[in-house]
1. Filter the range 207-249 down to the residues that are outside any strand (DSSP E or B) and small (G, A, S), then identify the one that is surrounded by the most Cβ atoms within 10 Å (Cβ to Cβ).
2. Working only within the range 999-1008, note down all residues that are surrounded by 15 or more Cβ atoms within 10 Å (Cβ to Cβ) and either of a type outside the set (A, V, I, L, M, F, W, C) or free of Cβ contacts under 8 Å to residues at least 12 places away in the same chain (or both).
3. Check whether at least one residue in the range 462-470 is at positive phi and in a loop (DSSP other than H, G, I, E, B), and report yes or no.
4. Filter the range 571-604 down to residues that are modelled with pLDDT under 80 and of a type in the set (D, E) and give me whichever is nearest to P760 (Cα to Cα).
5. Only residues that are over 11 Å from G348 (Cα atoms), exposed (fewer than 14 other Cβ atoms within 10 Å of the Cβ) and aliphatic (A, V, I, L, M): list them for the range 370-394, please.
6. Just wondering, is there one or more residues in the range 439-461 that are among the charged types (D, E, K, R) and closer than 30 Å to D512 by Cα?
7. Among the strands (runs of 3 or more DSSP E) confined wholly to the range 752-833, which include 3 or more residues that are in contact with a Leu (Cβ under 9 Å, 6 or more places away or on another chain), modelled with pLDDT of 90 or more and closer than 30 Å to L514 by Cβ?
8. When only residues in the range 382-396 that are modelled with pLDDT under 85 and within 27 Å of the chain's Cα centre (by Cα) count, which is farthest from N489 (Cα to Cα)?
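The values are calculated or read from the model by the stated rules, or taken from the named source; none is laboratory data. If you're wondering where the values come from, they're calculated on a predicted model, not measured in any experiment. Backbone-built Cβ (ideal geometry, glycine too); neighbour counts: all protein chains shown.
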Amino acid sequence: MRRNLLAVISLLVLGLLLGTAPAAALEHILGFDDLAVGTRFRPWSQPYSSLGITINGDGYPTVIDPTVSPCSPPHALYHDASFGSEFGSSDEDLTMEFDFTSDHVIVYVGLEQSAPYTVTATLRGYRDGGALLIPGAVDSVTMGPGTAGILNPLVIHSDDGAIDSIVVSYGMAMESELIDCVHINVWEGPPPPPPDDLIPPSVVITAPADLSSTSYTVVNVSGYVDEDVGLTSLVVSSPIDSVSIDISGQRAPRYIFGQPINVPAGSSTIRVTAEDGGGNVDYEEITINCSPLPPPPSPTPSTLNIRASGMEVTQAIQGWDMIGPTPDPKDQQTNMVTGKKTLVRVYGVAEGTAMDISGVGCMLRAYRLPGVLELPGSPIFSNRVMLRPGEDYLIQRTMGGKSFNFILPDDWTTPGTIRLEATVNHFNGVPEETGAYDYYNSTILDVQFHDTEDLCIRVYRLFERGGSSPTIAECDRNMALMRLMYPVNPERFSTSGYSTDEHGDYDLSNDDDLAAYLHTFSYANGWQYGVARALWCDNVADLGLTHHTDTHRGITHGDFPVSISVASDAYNHRNRTAHEIGHAMGLGHILGGDWCDVPAGPYEPYPIYTDQYGMDFPITTLFGSPPTPSIGDWGAMIRDDNTFFLRDPGFTGDMMSYCDPDTWISGYTWNWLFGHFHPAASSADGAAPEAAPQMVAPLGPLPYFHIGARIMFGQGMAWLKPVWTVQHEAGTYDYVGEGEYSLSLEDGNGNLLFRRDFDPTPLPNLESYALVFEILPGIAQTEIVRLSSAHLAQDVVISAGIHPPDVKVIMPNGGELWNATGYQEIQWSAKDEDGDPLTYAVMFSNDKGLTWDVIGSELTATGMAVPLDNLSGGGSCLVRVLASDGIHQGEDVSDGLFSKGGQPPHVSILVPDAVTTVPYGEPVILEGLAWDREDGTIPEADIRWESNLDGPLGTGQVIGALGLQPGMHEINFKATDSDNMTGADSASLYIAPRPIVNIKANNSDGPVTLSRSNTLNLSFSLDNGGVTELADWWLFAQLPNGKKYYYTSGGWKPTEQPARQSPLVAVPSYNLAPVSLSTLPLGKYVIYCGTDLNPDGKTSWEIFYYDSVTLELQP
């Protein structure tokens, strides 16, 4: 029996004999039976935190149902540490930290797997936050060979109750450590005094050897320090250098060190000095002799001259003037938008050489003008590029990897002008000919960023007959692609709504139903009632998204920015939404393309684009004659993770053409839309036309009739909608017009009061139909509205008496409290003195009537149930009811304000958009969309990402996650608004297990240059990434003559064979025996280290996970 256990038992027996047994003290007993199998202890997930106990260990300790006998059935804690015995001397430690102190601790230990040798487990007690080992608080037990039941107690004691953490070490346990029945007595006495430390530390230097020689002026000094309590400092010094080693992550009784230090030429002394908490000091010295190698001979004089050949700034479409045979690098055709992801591409050329020049870099500085103030974060640095003789910017700009690429920091793209100065081969990183590194290595460009108006898209998920509405996530992905393309400040591009619309039973594959649905949809969104141009946004568009799969068509109203498009994950369907919103903003079609359908007019005056050599693009018009729908230059899809993808103008049509699926935004369309969203800025190419008068002017003194009609060409058929009255400035819409159709206002005797002539415009994507909207003077004597034309089979007439309807809101009428969700009844009463049938529209406001949303249109009953999920909340709500007898209108508003509960934020994960697989060790981009009906934008700090396996991942709408553990993750995306309401979405992400190998030669990733007098020291590490299956382990070297030698248990062999064949385990670090280079042939060596998952003794390259290091052996 061990001494510590005897001491504890003796104290207890002595107390019983004297009749003074110790008083009962608080004791925590951890049997792990209260936790489910599979429960893991992680830094952020501690099941016993309520007890003040934290358990940690490499590989995360896990609760299991052991196969060997537990101390307290049924569960125990299994520590699957990561350092297998075949590669080293010890596994990782398991630690327990307490929020209190203890005077004695008992831990029962065992072995889950069968060990081929004996295993020693050791328990140590520490104090002062785990910094100091308590003298005597150490106990150990030896187990094995074979498995071992959890029946072996380890006992430590501290007379002054100073234990605040313990460490369990197993040595070579082959990942089989078990613990159970942990007894921790809580110390209730006075705080323990500081410990006495009377024994000095013992320093041992293991390398380099004393009196050894080296040709390096930097020497790696390694060794260890044995200490009974704890070190306070550890210093390595030489005559010219002194370094203090960080020992915060290590504990007594042994501290291991390895530290590079500079040494002078000749003989010098290296000293390692250790001091403990008691002020005791020990040191060891060695003497080495440094004979540095002579400097290499001067290189042959070079004529290499590297210079910059151009710079290009891009936000969606590259901006050089491609109209003509040769682009001009100084002619930037694209207007830049504030806050938008901005790509800068710099081009370079290597002259005076016939060789490829690799490893060339570029530096970009930015200055705010005027005043030339360098911006925060400047300079930034690009990717490395290989410059090839004869390649100029005409070739480089067609391939992303050929240019020096930068994504500008967001705070560089604020409104105003900045000067960009790019320097290729900065600091002469690749030595050029003397005097060649000069002014011509740099290029300068001034770039102006413009703010824009708002673009607010109200999204509706539309039902169709026999189908379903699209998901919110599908709608969001439509909007995400538009954000990448459109020249709008991302902070001014907003989406809202996402309510469902069920205004009719329509078959959207039928042309007539599609036109009818669009007509109804425009009423449902308030355009006919004069409320859609709300003051909160410069540009409003209503977008209905369908989920139909048979006919993927879009359609846009001719007079209103109201569109119907398709929500789908297919790229071309999402691009179609950008096409329809382009129509809503006023863009026409772009004609042409052998590979494209031919749309109906009107057409844009699209320029004739050619490639960089003045040739037509492959995507030419019918019969090979211009114009062409090509985007004209290389498009750039700049993603939120700061990567980009180029779109080839030879095979990509403009988004306003019919070239699905290969469409993107061209320079013409970009600049047209830029002019639309930024009217004050001039546009060099494709300026927006002069804006038409607002359809809904500010409120004025006179009423005007809003008249809507639907016409079917060729059939001679038309339909008139009820007329609605809106106030406009006098004289705004009193013009007569001209055309082959007419709208007439007549009195009850048929006398003409006013007539408007017009020609209806076919729908852009449904040319057999027209949706008509005309505004005529609201003459009170009107009793007949007549639509007539020689093209119609008969006149279409609405008639009504002269008296307007009388309507009264019954409820809500002030003081009510509506819920946040569910349904709420709205009731009103109405009568018409002329007995005409009435049609109603109902509107809702949460801002005292400043803005209105239509929540019911074309109703015939005097009540409706409104879905509350689609309405914004607040305490300033009103309801407004309009009643039309076909021509004249009455209305009423709630007499007082009422309240409605707020909505949680709208949250949607964009990436990953399905069960996505990412290999272990690769970075993961997470992208979401979050907004709130009441708050609008949600602060980034209130948007959170979490994993059910790895806990919190970060904040913001877009983040990068590194180091996710293998397995199926449930990714949770949450946003919290100012009312502390939270919206959430989730997606599945699978991190595929795979090993990650790293090999170093003489502590370097390479390339390494050594001489025959040196020694090669190889080390490697392996993160098995959750893979534990049987595998081949490989280590081999490719010699200068191409032959390979394989490392085996019997040394290096010329025949192919693995170093070992065994299940994969994690190896934090493993050093191979040093290799003498004295007899090896000179030249280039490549050393491979890796593993393949096909354990057949052959290198299976398709599943070979490896790393390599290059060695150049010189005389």
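1. For the range 207-249, the residue satisfying everything is G230.
2. K1000, N1002, G1006, listed by residue number.
3. Checking the range 462-470: at least one residue is at positive phi and in a loop (DSSP other than H, G, I, E, B).
4. Selected residue: D597.
5. Within the range 370-394, V372, L373 qualify.
6. Yes, the range 439-461 contains at least one residue that is among the charged types (D, E, K, R) and closer than 30 Å to D512 by Cα.
7. Qualifying strands (runs of 3 or more DSSP E): 752-758, 784-789, 796-799.
8. Of everything passing the filter in the range 382-396, R384 is farthest from N489 (Cα to Cα).
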